[in-house]
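The structure appears below as C-alpha coordinates.
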Ligand SMILES: [Fe+2]
(Lines give C-alpha, C1' and ligand atoms only; values in the text may rest on other atoms or scores of the structure.)
Protein backbone atom coordinates (compact mmCIF):
# COMPACT_ATOMS: atom_id res chain seq x y z
CA UNK A 1 0.00 0.00 0.00
CA UNK A 2 1.19 3.50 -0.76
CA UNK A 3 2.37 5.06 2.44
CA UNK A 4 0.46 8.27 1.76
CA UNK A 5 -2.85 6.58 0.99
CA UNK A 6 -5.78 7.54 3.17
CA UNK A 7 -7.38 4.13 2.74
CA UNK A 8 -6.20 0.59 2.34
CA UNK A 9 -7.12 -1.54 -0.65
CA UNK A 10 -6.86 -5.22 -1.37
CA UNK A 11 -4.11 -6.10 -3.77
CA UNK A 12 -5.60 -7.09 -7.11
CA UNK A 13 -4.19 -8.14 -10.44
CA UNK A 14 -3.78 -5.14 -12.79
CA UNK A 15 -6.61 -6.22 -15.10
CA UNK A 16 -9.03 -6.93 -12.22
CA UNK A 17 -8.17 -3.53 -10.75
CA UNK A 18 -8.72 -1.92 -14.14
CA UNK A 19 -12.08 -3.61 -14.73
CA UNK A 20 -13.24 -2.92 -11.17
CA UNK A 21 -12.75 0.83 -11.48
CA UNK A 22 -14.23 0.91 -14.98
CA UNK A 23 -17.30 -0.97 -13.73
CA UNK A 24 -17.67 1.51 -10.88
CA UNK A 25 -18.45 4.24 -13.45
CA UNK A 26 -21.31 2.12 -14.78
CA UNK A 27 -22.55 1.35 -11.26
CA UNK A 28 -22.80 5.08 -10.57
CA UNK A 29 -25.19 5.69 -13.46
CA UNK A 30 -27.63 2.99 -12.39
CA UNK A 31 -31.00 4.63 -11.96
CA UNK A 32 -30.20 7.45 -14.40
CA UNK A 33 -31.87 7.43 -17.82
CA UNK A 34 -30.21 8.08 -21.17
CA UNK A 35 -31.93 11.49 -21.09
CA UNK A 36 -30.42 12.26 -17.65
CA UNK A 37 -27.00 11.41 -19.05
CA UNK A 38 -27.44 13.57 -22.14
CA UNK A 39 -28.03 17.02 -20.70
CA UNK A 40 -25.52 19.70 -19.77
CA UNK A 41 -26.86 22.20 -17.25
CA UNK A 42 -23.98 24.72 -17.39
CA UNK A 43 -20.62 25.13 -19.19
CA UNK A 44 -18.68 23.97 -16.09
CA UNK A 45 -20.55 20.65 -15.99
CA UNK A 46 -20.52 17.88 -18.57
CA UNK A 47 -23.15 15.30 -19.50
CA UNK A 48 -22.82 11.86 -17.88
CA UNK A 49 -22.54 10.30 -21.34
CA UNK A 50 -19.64 12.59 -22.18
CA UNK A 51 -17.81 11.57 -18.95
CA UNK A 52 -18.27 7.89 -19.85
CA UNK A 53 -16.88 8.49 -23.34
CA UNK A 54 -14.07 10.88 -22.36
CA UNK A 55 -12.60 8.55 -19.72
CA UNK A 56 -12.61 5.80 -22.38
CA UNK A 57 -10.99 8.11 -24.90
CA UNK A 58 -8.18 8.68 -22.39
CA UNK A 59 -7.22 4.97 -22.55
CA UNK A 60 -7.91 4.88 -26.28
CA UNK A 61 -5.74 7.86 -27.17
CA UNK A 62 -2.93 7.78 -24.62
CA UNK A 63 -2.43 4.00 -24.41
CA UNK A 64 -3.94 1.90 -27.16
CA UNK A 65 -2.85 4.05 -30.10
CA UNK A 66 0.76 3.95 -28.98
CA UNK A 67 1.02 0.49 -27.41
CA UNK A 68 -1.14 -1.84 -29.50
CA UNK A 69 0.20 -3.04 -32.83
CA UNK A 70 -2.26 -2.54 -35.74
CA UNK A 71 -4.77 -0.88 -33.40
CA UNK A 72 -8.09 0.01 -35.08
CA UNK A 73 -9.88 2.76 -33.15
CA UNK A 74 -13.61 2.41 -32.50
CA UNK A 75 -14.20 5.72 -34.27
CA UNK A 76 -11.51 8.21 -35.29
CA UNK A 77 -13.92 11.13 -34.83
CA UNK A 78 -13.93 10.52 -31.08
CA UNK A 79 -10.54 12.24 -30.87
CA UNK A 80 -12.39 15.45 -31.71
CA UNK A 81 -15.53 14.82 -29.63
CA UNK A 82 -14.01 13.51 -26.42
CA UNK A 83 -10.69 15.32 -26.06
CA UNK A 84 -11.29 17.58 -23.06
CA UNK A 85 -8.55 20.20 -23.15
CA UNK A 86 -5.34 18.74 -24.62
CA UNK A 87 -4.11 21.28 -27.17
CA UNK A 88 -1.26 18.99 -28.18
CA UNK A 89 -3.81 16.37 -29.31
CA UNK A 90 -5.61 18.78 -31.63
CA UNK A 91 -8.84 20.72 -32.04
CA UNK A 92 -11.96 19.59 -30.17
CA UNK A 93 -15.66 20.01 -29.65
CA UNK A 94 -16.54 23.13 -27.63
CA UNK A 95 -16.93 22.40 -23.93
CA UNK A 96 -20.15 24.43 -23.42
CA UNK A 97 -21.77 22.41 -26.24
CA UNK A 98 -21.15 18.89 -24.96
CA UNK A 99 -24.86 18.60 -24.22
CA UNK A 100 -25.57 18.91 -27.94
CA UNK A 101 -23.88 15.60 -28.68
CA UNK A 102 -26.98 13.47 -29.14
CA UNK A 103 -24.79 11.25 -31.31
CA UNK A 104 -23.08 8.92 -30.58
CA UNK A 105 -25.89 7.41 -28.54
CA UNK A 106 -25.45 6.18 -24.98
CA UNK A 107 -25.44 2.61 -26.30
CA UNK A 108 -22.66 3.44 -28.76
CA UNK A 109 -20.65 4.97 -25.94
CA UNK A 110 -21.16 1.83 -23.86
CA UNK A 111 -20.03 -0.27 -26.85
CA UNK A 112 -16.97 1.99 -27.11
CA UNK A 113 -16.23 1.35 -23.45
CA UNK A 114 -16.50 -2.41 -23.98
CA UNK A 115 -14.12 -2.42 -26.92
CA UNK A 116 -11.52 -0.33 -25.13
CA UNK A 117 -11.83 -2.39 -21.93
CA UNK A 118 -11.22 -5.55 -23.89
CA UNK A 119 -8.19 -4.07 -25.64
CA UNK A 120 -6.66 -2.77 -22.41
CA UNK A 121 -7.10 -6.08 -20.58
CA UNK A 122 -5.51 -7.91 -23.52
CA UNK A 123 -2.62 -5.46 -23.41
CA UNK A 124 -2.20 -5.96 -19.67
CA UNK A 125 -2.20 -9.73 -20.08
CA UNK A 126 0.55 -9.54 -22.70
CA UNK A 127 2.64 -6.67 -21.36
CA UNK A 128 1.57 -6.27 -17.73
CA UNK A 129 5.20 -6.19 -16.61
CA UNK A 130 5.92 -3.09 -18.70
CA UNK A 131 6.26 -0.38 -16.07
CA UNK A 132 5.61 2.50 -18.51
CA UNK A 133 2.36 0.83 -19.55
CA UNK A 134 1.39 0.19 -15.93
CA UNK A 135 1.96 3.84 -15.07
CA UNK A 136 -0.23 4.99 -17.95
CA UNK A 137 -3.04 2.57 -17.02
CA UNK A 138 -2.94 3.67 -13.38
CA UNK A 139 -3.00 7.31 -14.50
CA UNK A 140 -6.06 6.50 -16.61
CA UNK A 141 -7.74 4.87 -13.62
CA UNK A 142 -7.11 7.84 -11.35
CA UNK A 143 -8.42 10.05 -14.15
CA UNK A 144 -11.51 7.81 -14.31
CA UNK A 145 -12.03 8.21 -10.55
CA UNK A 146 -11.80 11.99 -10.84
CA UNK A 147 -14.52 11.85 -13.48
CA UNK A 148 -16.66 9.53 -11.35
CA UNK A 149 -16.89 12.35 -8.82
CA UNK A 150 -17.49 14.95 -11.53
CA UNK A 151 -20.23 12.78 -12.99
CA UNK A 152 -22.04 12.85 -9.64
CA UNK A 153 -21.61 16.58 -9.11
CA UNK A 154 -22.67 17.32 -12.68
CA UNK A 155 -25.71 15.03 -12.49
CA UNK A 156 -26.72 16.67 -9.23
CA UNK A 157 -26.53 20.08 -10.85
CA UNK A 158 -28.54 18.91 -13.85
CA UNK A 159 -31.26 17.43 -11.61
CA UNK A 160 -31.39 20.67 -9.61
CA UNK A 161 -32.63 22.49 -12.71
CA UNK A 162 -35.73 20.30 -13.04
CA UNK A 163 -38.37 20.71 -10.37
CA UNK A 164 -39.84 17.27 -11.18
CA UNK A 165 -36.53 15.41 -11.17
CA UNK A 166 -36.48 14.43 -7.53
CA UNK A 167 -39.08 13.22 -5.06
CA UNK A 168 -40.41 15.65 -2.48
CA UNK A 169 -38.68 13.80 0.28
CA UNK A 170 -38.94 15.09 3.82
CA UNK A 171 -36.73 13.08 6.09
CA UNK A 172 -36.67 13.90 9.75
CA UNK A 173 -33.53 15.78 10.67
CA UNK A 174 -30.73 13.40 11.55
CA UNK A 175 -28.63 14.26 14.53
CA UNK A 176 -25.00 13.34 14.86
CA UNK A 177 -22.81 12.82 17.85
CA UNK A 178 -22.18 15.84 19.99
CA UNK A 179 -18.67 16.84 19.04
CA UNK A 180 -17.33 19.77 20.95
CA UNK A 181 -15.62 22.16 18.58
CA UNK A 182 -12.18 23.28 19.58
CA UNK A 183 -8.99 24.49 17.97
CA UNK A 184 -5.96 22.22 17.95
CA UNK A 185 -2.60 23.90 18.35
CA UNK A 186 0.37 23.14 16.11
CA UNK A 187 3.77 24.50 17.00
CA UNK A 188 6.20 26.03 14.53
CA UNK A 189 7.87 23.43 12.37
CA UNK A 190 9.62 22.61 9.15
CA UNK A 191 7.38 20.03 7.55
CA UNK A 192 7.60 17.95 4.40
CA UNK A 193 4.79 18.58 1.94
CA UNK A 194 3.78 16.70 -1.20
CA UNK A 195 4.30 13.24 -2.67
CA UNK A 196 7.44 11.24 -3.19
CA UNK A 197 7.88 8.74 -6.04
CA UNK A 198 6.34 5.83 -4.15
CA UNK A 199 2.88 4.91 -5.45
CA UNK A 200 0.72 7.01 -7.71
CA UNK A 201 0.51 10.78 -7.52
CA UNK A 202 -0.01 13.57 -10.04
CA UNK A 203 2.86 15.77 -11.15
CA UNK A 204 1.44 18.78 -9.29
CA UNK A 205 1.90 16.98 -5.93
CA UNK A 206 5.64 16.74 -6.50
CA UNK A 207 8.37 17.16 -5.59
CA UNK A 208 8.13 16.60 -1.87
CA UNK A 209 9.64 19.66 -0.30
CA UNK A 210 10.14 21.44 2.99
CA UNK A 211 7.87 24.24 4.20
CA UNK A 212 8.27 26.33 7.32
CA UNK A 213 5.09 26.76 9.32
CA UNK A 214 4.52 29.45 11.90
CA UNK A 215 2.47 28.20 14.86
CA UNK A 216 -1.26 27.99 14.07
CA UNK A 217 -4.49 26.38 15.18
CA UNK A 218 -6.87 24.26 13.11
CA UNK A 219 -10.38 23.43 14.21
CA UNK A 220 -11.18 19.81 14.97
CA UNK A 221 -14.59 20.03 13.26
CA UNK A 222 -15.91 21.33 9.96
CA UNK A 223 -18.20 24.35 9.89
CA UNK A 224 -21.75 23.12 10.35
CA UNK A 225 -25.05 24.18 8.84
CA UNK A 226 -26.01 25.50 12.29
CA UNK A 227 -23.07 27.93 12.17
CA UNK A 228 -23.81 28.83 8.57
CA UNK A 229 -27.37 29.78 9.52
CA UNK A 230 -25.92 32.11 12.17
CA UNK A 231 -23.78 33.73 9.48
CA UNK A 232 -26.89 34.14 7.32
CA UNK A 233 -28.95 35.50 10.23
CA UNK A 234 -26.23 38.07 10.88
CA UNK A 235 -26.65 39.24 7.27
CA UNK A 236 -23.42 37.59 6.20
CA UNK A 237 -24.58 37.60 2.60
CA UNK A 238 -25.66 41.26 2.79
CA UNK A 239 -22.62 42.81 4.48
CA UNK A 240 -19.61 43.56 2.23
CA UNK A 241 -17.41 43.97 5.34
CA UNK A 242 -16.61 40.26 5.33
CA UNK A 243 -16.12 39.75 1.63
CA UNK A 244 -13.21 39.92 -0.74
CA UNK A 245 -13.94 42.46 -3.47
CA UNK A 246 -14.18 39.76 -6.17
CA UNK A 247 -16.31 37.64 -3.88
CA UNK A 248 -18.72 40.49 -3.17
CA UNK A 249 -19.01 41.03 -6.92
CA UNK A 250 -20.06 37.39 -7.44
CA UNK A 251 -22.33 37.44 -4.38
CA UNK A 252 -24.19 40.42 -5.81
CA UNK A 253 -24.19 39.23 -9.38
CA UNK A 254 -25.51 35.74 -8.59
CA UNK A 255 -27.65 36.97 -5.69
CA UNK A 256 -26.20 34.42 -3.30
CA UNK A 257 -28.23 34.21 -0.09
CA UNK A 258 -27.38 30.68 1.04
CA UNK A 259 -25.23 27.72 -0.08
CA UNK A 260 -26.01 26.23 -3.49
CA UNK A 261 -29.01 23.85 -3.46
CA UNK A 262 -30.62 25.47 -0.40
CA UNK A 263 -34.17 26.79 -0.59
CA UNK A 264 -36.32 28.49 1.98
CA UNK A 265 -39.46 26.62 2.93
CA UNK A 266 -42.23 27.58 5.34
CA UNK A 267 -40.76 25.13 7.88
CA UNK A 268 -37.21 26.42 7.46
CA UNK A 269 -34.30 25.86 5.11
CA UNK A 270 -34.09 22.76 2.97
CA UNK A 271 -31.31 21.47 0.77
CA UNK A 272 -31.40 19.36 -2.33
CA UNK A 273 -29.81 15.92 -2.14
CA UNK A 274 -29.89 12.95 -4.50
CA UNK A 275 -32.79 11.74 -2.36
CA UNK A 276 -34.82 14.90 -2.80
CA UNK A 277 -35.17 18.05 -0.74
CA UNK A 278 -34.53 17.51 2.95
CA UNK A 279 -34.52 19.80 5.97
CA UNK A 280 -31.06 21.24 6.53
CA UNK A 281 -29.41 19.08 9.20
CA UNK A 282 -27.98 21.48 11.72
CA UNK A 283 -25.05 19.33 12.84
CA UNK A 284 -23.99 18.30 9.33
CA UNK A 285 -21.07 20.07 7.65
CA UNK A 286 -22.06 22.92 5.37
CA UNK A 287 -21.54 22.00 1.72
CA UNK A 288 -21.60 23.50 -1.78
CA UNK A 289 -20.02 26.80 -0.84
CA UNK A 290 -17.52 28.78 -2.88
CA UNK A 291 -14.08 29.90 -1.76
CA UNK A 292 -15.49 33.41 -1.49
CA UNK A 293 -18.23 32.29 0.90
CA UNK A 294 -15.82 30.17 2.95
CA UNK A 295 -13.45 33.12 3.24
CA UNK A 296 -16.26 35.56 4.15
CA UNK A 297 -17.55 33.20 6.83
CA UNK A 298 -14.09 32.90 8.39
CA UNK A 299 -13.62 36.67 8.45
CA UNK A 300 -17.05 37.09 10.03
CA UNK A 301 -16.13 34.54 12.72
CA UNK A 302 -12.70 36.09 13.35
CA UNK A 303 -10.84 33.14 11.85
CA UNK A 304 -9.22 32.38 8.50
CA UNK A 305 -8.85 29.60 5.96
CA UNK A 306 -5.86 27.29 6.51
CA UNK A 307 -3.09 27.10 3.95
CA UNK A 308 -2.76 23.80 2.12
CA UNK A 309 0.51 23.26 4.04
CA UNK A 310 -1.15 23.69 7.42
CA UNK A 311 -3.93 21.30 6.37
CA UNK A 312 -1.55 18.65 5.07
CA UNK A 313 0.75 18.89 8.07
CA UNK A 314 -2.17 18.53 10.50
CA UNK A 315 -3.89 15.66 8.70
CA UNK A 316 -0.66 13.73 8.14
CA UNK A 317 0.01 14.09 11.86
CA UNK A 318 -3.47 12.76 12.68
CA UNK A 319 -3.15 9.92 10.19
CA UNK A 320 -6.69 8.51 10.50
CA UNK A 321 -9.81 8.74 8.38
CA UNK A 322 -13.06 9.79 9.99
CA UNK A 323 -15.14 10.95 7.05
CA UNK A 324 -17.04 9.12 4.36
CA UNK A 325 -16.32 8.57 0.68
CA UNK A 326 -18.37 7.75 -2.42
CA UNK A 327 -18.48 4.01 -1.67
CA UNK A 328 -20.89 4.87 1.12
CA UNK A 329 -24.28 6.40 0.33
CA UNK A 330 -25.96 8.80 0.63
CA UNK A 331 -23.73 11.04 -1.45
CA UNK A 332 -24.31 13.81 1.01
CA UNK A 333 -22.24 14.98 3.98
CA UNK A 334 -23.44 13.52 7.26
CA UNK A 335 -23.00 14.77 10.82
CA UNK A 336 -20.06 13.26 12.69
CA UNK A 337 -20.96 9.94 14.24
CA UNK A 338 -18.50 9.51 17.03
CA UNK A 339 -16.35 11.37 19.43
CA UNK A 340 -12.85 11.70 18.08
CA UNK A 341 -9.66 12.78 19.74
CA UNK A 342 -8.26 14.83 16.91
CA UNK A 343 -9.41 16.12 13.56
CA UNK A 344 -12.95 15.10 12.77
CA UNK A 345 -14.04 14.26 9.19
CA UNK A 346 -10.74 15.44 7.77
CA UNK A 347 -10.95 12.89 4.97
CA UNK A 348 -13.94 12.45 2.72
CA UNK A 349 -17.25 14.19 3.63
CA UNK A 350 -16.49 17.60 2.04
CA UNK A 351 -13.54 19.09 0.19
CA UNK A 352 -11.93 21.73 2.38
CA UNK A 353 -11.05 25.07 0.83
CA UNK A 354 -7.56 26.34 1.61
CA UNK A 355 -6.17 29.82 1.12
CA UNK A 356 -3.39 28.43 -1.09
CA UNK A 357 -3.32 29.27 -4.76
CA UNK A 358 -2.94 26.26 -7.04
CA UNK A 359 0.64 26.95 -8.07
CA UNK A 360 3.75 24.88 -8.79
CA UNK A 361 5.81 23.43 -5.95
CA UNK A 362 9.52 24.29 -6.03
CA UNK A 363 11.10 22.11 -8.72
CA UNK A 364 7.76 21.17 -10.35
CA UNK A 365 8.18 19.20 -13.56
CA UNK A 366 5.07 18.58 -15.69
CA UNK A 367 4.71 15.18 -17.32
CA UNK A 368 6.22 14.73 -20.76
CA UNK A 369 4.05 15.18 -23.85
CA UNK A 370 0.35 16.00 -23.99
CA UNK A 371 -0.20 14.69 -20.44
CA UNK A 372 1.91 17.62 -19.26
CA UNK A 373 -1.30 19.62 -19.81
CA UNK A 374 -3.13 17.56 -17.17
CA UNK A 375 -2.49 19.96 -14.27
CA UNK A 376 0.25 22.48 -14.98
CA UNK A 377 -1.64 24.74 -17.34
CA UNK A 378 -4.34 25.36 -14.74
CA UNK A 379 -1.98 26.97 -12.24
CA UNK A 380 -3.60 30.40 -12.29
CA UNK A 381 -6.61 31.88 -10.53
CA UNK A 382 -7.65 28.68 -8.73
CA UNK A 383 -7.43 27.58 -5.10
CA UNK A 384 -6.44 24.25 -3.57
CA UNK A 385 -8.99 22.03 -1.82
CA UNK A 386 -7.92 19.08 0.30
CA UNK A 387 -9.26 15.86 1.74
CA UNK A 388 -11.90 14.54 -0.68
CA UNK A 389 -15.65 14.41 -0.28
CA UNK A 390 -18.58 12.03 0.07
CA UNK A 391 -18.54 11.84 -3.75
CA UNK A 392 -14.81 10.98 -4.02
CA UNK A 393 -13.71 7.36 -4.52
CA UNK A 394 -11.66 6.50 -1.44
CA UNK A 395 -8.85 4.94 -3.46
CA UNK A 396 -8.22 8.25 -5.18
CA UNK A 397 -7.32 10.07 -1.99
CA UNK A 398 -3.98 10.66 -0.34
CA UNK A 399 -2.63 13.39 1.94
CA UNK A 400 -0.79 15.09 -0.90
CA UNK A 401 -3.80 15.21 -3.29
CA UNK A 402 -4.48 18.75 -4.52
CA UNK A 403 -7.88 19.45 -5.96
CA UNK A 404 -8.39 22.91 -7.46
CA UNK A 405 -11.31 25.05 -8.48
CA UNK A 406 -12.03 28.67 -9.25
CA UNK A 407 -13.05 30.68 -6.17
CA UNK A 408 -16.59 31.32 -7.42
CA UNK A 409 -17.41 27.68 -8.15
CA UNK A 410 -19.61 25.83 -5.70
CA UNK A 411 -21.20 22.83 -7.35
CA UNK A 412 -18.54 20.51 -5.90
CA UNK A 413 -19.03 19.03 -2.43
CA UNK A 414 -16.97 21.81 -0.85
CA UNK A 415 -16.94 22.98 2.76
CA UNK A 416 -14.67 24.67 5.26
CA UNK A 417 -12.56 23.97 8.33
CA UNK A 418 -11.23 27.19 9.87
CA UNK A 419 -7.78 28.00 11.15
CA UNK A 420 -6.56 30.83 13.32
CA UNK A 421 -3.33 32.53 14.19
CA UNK A 422 -1.57 32.30 17.50
CA UNK A 423 -0.29 35.52 19.00
CA UNK A 424 3.48 35.34 18.90
FE1 LIG B 1 -10.51 14.36 -18.03
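Summary table below
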{"read-out": "Neighbours by Cβ (under 8 Å, 6+ apart or cross-chain): first from segment 64-85, on the phi > 0 side of the Ramachandran plot and assigned by TED's automatic domain parsing to the domain that holds residue 101; second modelled with pLDDT of 90 or more and more than 16 Å from the ligand (Cβ to nearest atom)", "value": "none"}
{"read-out": "Condition check for residue 78: modelled with pLDDT of 95 or more and either under 24 Å from residue 125 (Cα atoms) or within 12 Å of the ligand (Cβ to nearest atom) (or both)", "value": "no"}
{"read-out": "Meets criteria (touching a strand residue (DSSP E or B) at 6+ places or on another chain (Cβ under 6 Å) and in contact (Cβ under 8 Å) with a residue 40 or more places away in the chain) for residue 167", "value": "yes"}
{"read-out": "Selection count, segment 92-119, where residues are more than 16 Å from the ligand (Cβ to nearest atom) and farther than 26 Å from residue 375 by Cα", "value": "14"}
{"read-out": "Of the criteria (1) within 16 Å of the ligand (Cβ to nearest atom); (2) at pLDDT 95 or above; (3) in contact with a helix residue (DSSP H, G or I) (Cβ under 6 Å, 6 or more places away or on another chain), which one residue 89 fails", "value": "(2)"}
{"read-out": "Lone unmet requirement of (1) out of contact with any helix residue (DSSP H, G or I) (no Cβ under 7 Å at 6 or more places or on another chain); (2) part of a helix (DSSP H, G or I) for residue 104", "value": "(2)"}
{"read-out": "Residues of segment 120-152 classified as away from the ligand (no atom under 14 Å from the Cβ) and part of a helix (DSSP H, G or I), total", "value": "17"}
{"read-out": "Verdict on residue 18 being under 25 Å from residue 329 (Cβ atoms), in contact (Cβ under 8 Å) with a residue 40 or more places away in the chain, part of a loop (DSSP other than H, G, I, E, B) and away from the ligand (no atom under 16 Å from the Cβ)", "value": "no"}
{"read-out": "Among the candidates 302, 247, residue that is closer than 27 Å to residue 420 by Cβ, in contact (Cβ under 8 Å) with a residue 12 or more places away in the chain and either in contact with a helix residue (DSSP H, G or I) (Cβ under 6 Å, 6 or more places away or on another chain) or not assigned by TED's automatic domain parsing to the domain that holds residue 222 (or both)", "value": "247"}
{"read-out": "Test for residue 387: is it out of contact with any strand residue (DSSP E or B) (no Cβ under 7 Å at 6 or more places or on another chain), buried (at least 21 other Cβ atoms within 10 Å of the Cβ) and closer than 30 Å to residue 29 by Cβ", "value": "no"}
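The values are calculated or read from the model by the stated rules, or taken from the named source; none is laboratory data. Just so we're clear, the structure is a prediction, and the values are computed from it rather than from any experiment. Cβ atoms come from the backbone with ideal geometry, glycine included; neighbour counts cover every protein chain shown.
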